[in-house]
Amino acid sequence: MSNNLKVLFVAAECTPFIKVGGLGDVTGELPLKLKELGADVRVVIPGNKDLDYPTEYKGDFPVKMGWKEETCIVREIINAPVTTFVIDNYHYFGRQGVYGHRDDSERFAFFCSAVYEMIMRFDFMPDILHLNDWHTAPTAMLIRENEREHHQLSQISIVYTIHNLEYQGVSDRSIFNLFGVKEVVFKVDKVEYYGCFNAMKTGINYADIINAVSKTSAKEMLSPKFGFGLEGVLKNRMQALRGVVNGINQNTWDPETDKYIWSNYSKDNISGKKKNKKELQKALGLKIEDVPLFSVISRLVPNKGLDLMNRAFEYILKANNQLVLLGSGEKYYEKMFAELSEKYPGLVSLNFEFNSEKARRIYAGSDIFLMPSLYEPCGLSQLIAMRYGTVPVVHKTGGLADTVIDETRNQGSGTGFIFNTYSNEAFIRTIRKAINLYNNKKAWAELVKRAMVRDSSWDSPASEYLSIYSEAKTENNKRKHKGRT
Ligand code: GLC
């Protein structure tokens, strides 16, 4: 069925062109895999000042934004691995930073309206419109609310992937008014949320199939703790909710060929990992010793489990183990870590930056990867860590629960360590277990090997997406007969 299936994949970021987090990796990798499987895929992203790739002009047209009109310029990235369009407008996207602007709701409202216009004007009517996160979700509303007038739109089946439910794009009603859809749509069973417009909610209510980026995350979303106020809306659409864990590009993340690390290695020859460790210790100014070297590579934002790190770090360092941290974010955390590093000279390396080459060297040279996220819809770093034989210690949530096998409960077949309760005690207890096993050289080497052979490729997620696409078609047909939305 994949042959000639036309897919339009819409997201706010896409590697290698522009990336903030995991969403960018997924947009850069999943469409490519779908293309390999025979689908006719196109990607659409918004423009950005940092997007420094040659493009070709494809056209421009006016986009209605309430009573105003803005111009959309469509460009195509030259030689992109998958046909990739950039939606541009000097006012909204001639800036740096994908997110974090005061008018983000309006910027992405423009993006959605422009994608809708592009579908209407360009010679590519997709079978599947695959939207991602709140920035793209209102496109679903535009398609469905205009299909009575433009019948061809009803042929489009819509899949909506939620990468992070916490960010919902809630804004006041004036943003809703920009879309020019009927006033009656602004109702609680559609897009209204406590008097506001909720972009995430439009995606949930208008998509044919909704999916989370892991099975556990799909379940967690239905609870008040992880539903972020939308658990009720999701429960209403539970029949249409799926979960597909992400993959990573195993060709670009490969310790056997990675040209940024000091010594290449594979599951059959792990000794190269030791060389990387020594070089990493040297490069970071750490003592060259055979003690467990812990790593954290993360954006420094609360949901990444930062409130558990202080005490755990203290525990690690007191016992003369080592720690390297790479990532930037909230200054408060940077200060907290800086205090630790003064207290334990030679044992800690703090790197408050995003540096992808350094990240590779840390994945290759460290022993234990810490990822105590409070919630983690999927998580990609634990997959990369395993690929590089760095044993993850993770909280049992979302994709972390679905991708790591706990060695304690599955002795001899685990790929990392999992703690159930989000507490300092549970995290530290699990770190202690990891250190104990590290000292059993034979068992540790086997654990490292098992982590390395885990298949984290896109092969199986991509075929799951193809099944979801076909389910979306079925749902869309049912809807047309029954008249949902
Ligand atoms: C978001 C989630 C992360 C996931 C990524 C890609 O960043 O927080 O868990 O891996 O999206 O789906």
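Bear in mind these aren't lab numbers, they're just calculated from the coordinates by the rules spelled out. Just so it is clear, the structure is predicted and the values come from calculations on it, not from any experiment. FYI the Cβ positions are ideal-geometry reconstructions off the backbone, even for glycines, and counts take in every protein chain you see.
Remarks
- At full extension, ASN320 and ASN477 could sit 50.3 nm farther apart than now, given 0.36 nm per residue minus the alpha carbon distance.
- Compared with the dominant Cα axis of the chain, that is its longest principal axis, helix 459-482 is turned about 30°.
- Estimated from helical segments only, the mean residue ellipticity of the chain at 222 nm is -11500 deg cm²/dmol, where each DSSP H run of four or more residues counts as -39500 (n - 2.57).
- The stretch 283-438 shape via C-alpha gyration tensor axes, a/c threshold 1.5: rounded
- Taking 16 Å as the straight-line reach from the Cα of LYS19, the lysines in range (excluding those fewer than 8 positions away in the same chain) are LYS49.
- Helix 356-365 axis, angle to the chain major axis (alpha carbon atoms, nearest 10°): 40 degrees
- Overall, the chain carries a charge dipole of about 1200 debye about its Cα centre when +1 sits on the Cβ of Lys and Arg and -1 on the Cβ of Asp and Glu, all other atoms neutral.
- Gained length - ASP459 relative to GLU36, 0.36 nm times residue gap less alpha-carbon distance: 151.3 nm
- Cα-based reach from LYS331 at 20 Å (exclusive), listing aspartates and glutamates while leaving out same-chain residues under 8 positions away: ASP307, GLU314, GLU339, GLU342, GLU353
- Computing FRET efficiency as 1/(1 + (r/R0)^6) for GLU183 and THR252, where r is the C-beta to C-beta distance and R0 is 45 Å, gives about 0.40.
- Multiplying the residue separation of GLN155 and HIS101 by 0.36 nm and removing their Cα-Cα distance gives an extension gain of 15.9 nm.
- The calculated FRET efficiency for GLU339 paired with ASN410, based on their beta-carbon distance and R0 = 35 Å, is about 0.40.
- Ranked HIS481, HIS130, criterion: other C-beta atoms within 10 Å, fewest first: HIS481, HIS130
- For the cross-link pairs LYS58/LYS190; LYS6/LYS478; LYS343/LYS396, the ones whose C-alpha atoms lie over 23 Å apart are LYS58/LYS190; LYS343/LYS396.
- The simple Förster model, with R0 at 56 Å and r as the Cβ-Cβ distance, assigns LYS282 and HIS91 a FRET efficiency of 0.70.
- 0 to 90° range, to nearest 10: angle between helix 331-343 axis and the chain longest Cα axis: 10 degrees
- The stretch 112-178 and the stretch 197-267: distance between their alpha carbon centers, rounded to Å: 19 Å
- Computed about the Cα centre, the dipole magnitude for the stretch 271-453 is approximately 600 debye when only Lys and Arg (+1) and Asp and Glu (-1) carry charge, each at its Cβ.
- Over 24 Å apart at the Cα level, from the set LYS282/LYS318; LYS215/LYS473; LYS68/LYS473, are LYS68/LYS473.
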